[in-house]
Amino acid sequence: MSDTVTEPAPSSAAQRQSDRRTEILDAAERCFARSGFHRASMQDICGEASMSPGNLYRYFPSKEALIAGICERNRAEAVASFAMVDEAPNFFEGLAGLARHHLVDRTDAEVGLCAEIMAESRRHPEIAKLYQTIEGDIKERIAAMLRNGAKRGEIRSDVDFDAAAAVLMVLGDGMSWRRSVDPQFNAESALPLILQMIHCLLAKQDNKTGNCAGTSEKAAS
């Protein structure tokens, strides 16, 4: 007789509720990206989600609640994406994959929505509080990623990891903001240059030349 304990499957009602929340957040993202937070109405979101207002309000009572839900979902996705670095053959290849995922592969709508969230955090205290909490969490995780890379001997160990994490976030925010406001900006072309800058910030120095050792060309390709 087997002693294996089988975890109960989530109830169909709970799964339907989770799926419906996802559908609503997807619809809200499309509306916000298309019209902005202030011009997109709850009625617009109801129409996009094919849902009555009364039903939608059972899940999200306000636009602020929708923004919070989108932020939390983005945080979960960002945290999961850090696994790329640990699973890659080396730190810089993993970082290149992570950068491509967030800075190049995301759609224009996703990038525009991030810009909307950043702007809204300047106006709404509750959104600002949530945004700063998420940013702090991401920064800590990036710093931990850098420390792990240093422990494995793949990057310098004499770097201020917290400061370096902040610099990486500045570069990422700058790339995303440029994509959202400049139709001519080519993130694909800019990414190798960004990766070379990061490589020279983090790579161990060559003992003979004093320059950053190795090259990030493979990671950038």
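Annotation: peptides 180-187, 26-33, 158-165, ranked by per-residue average of other Cβ atoms within 10 Å with the highest first, follow the order 26-33, 158-165, 180-187. You can think of it this way: the chain between Lys129 and Asn148 has 4.0 nm of extra reach, that is 0.36 nm per residue less the Cα-Cα gap. A simple rule links phi to the HN-Hα coupling: the Karplus curve 6.51 cos²θ - 1.76 cosθ + 1.60 with θ = phi - 60°, which for region 24-32 gives 5, 5, 4, 5, 5, 4, 5, 5, 5 Hz, with x for Gly and Pro. Ellipticity at 222 nm from helices only: DSSP H runs of n ≥ 4 in the chain, each -39500 (n - 2.57), divided by the residue count, give -23000 deg cm²/dmol. Toward the positive end of the charge dipole of region 63-220, with +1 on the Cβ of Lys and Arg and -1 on the Cβ of Asp and Glu, the farthest Cα among Gly172, Ile134, Ser157 is that of Ser157. Scanning residues 5 or more positions from Gln205 or on other chains, those with amide H under 5 Å from its amide H are Ala213, with H placed 1.01 Å from N in the peptide plane.
For region 90-102, backbone phi angles converted through the Karplus equation (6.51, -1.76, 1.60; θ = phi - 60°) give residue-by-residue couplings of 8, 4, 5, 5, x, 5, 4, x, 5, 5, 4, 4, 8 Hz, Gly and Pro being listed as x.
Counted residue by residue at 0.36 nm each, then reduced by the alpha carbon distance between them, the extension gain from Arg141 to Ser35 reaches 34.9 nm.
Here the chain is assigned +1 on the Cβ of each Lys and Arg and -1 on the Cβ of each Asp and Glu. Its dipole about the Cα centre then comes out at about 280 debye. FRET efficiency for the Met118 to Gln17 pair, using the beta carbon distance and R₀ = 41 Å, is estimated at 0.85.
Values in this text are rule-based calculations from the coordinates and carry no lab data. For clarity, every value in this text was computed on a predicted model and none was experimentally measured. For neighbour counting, all protein chains shown are included, and Cβ atoms are generated from backbone atoms with ideal geometry for every residue, glycine included.
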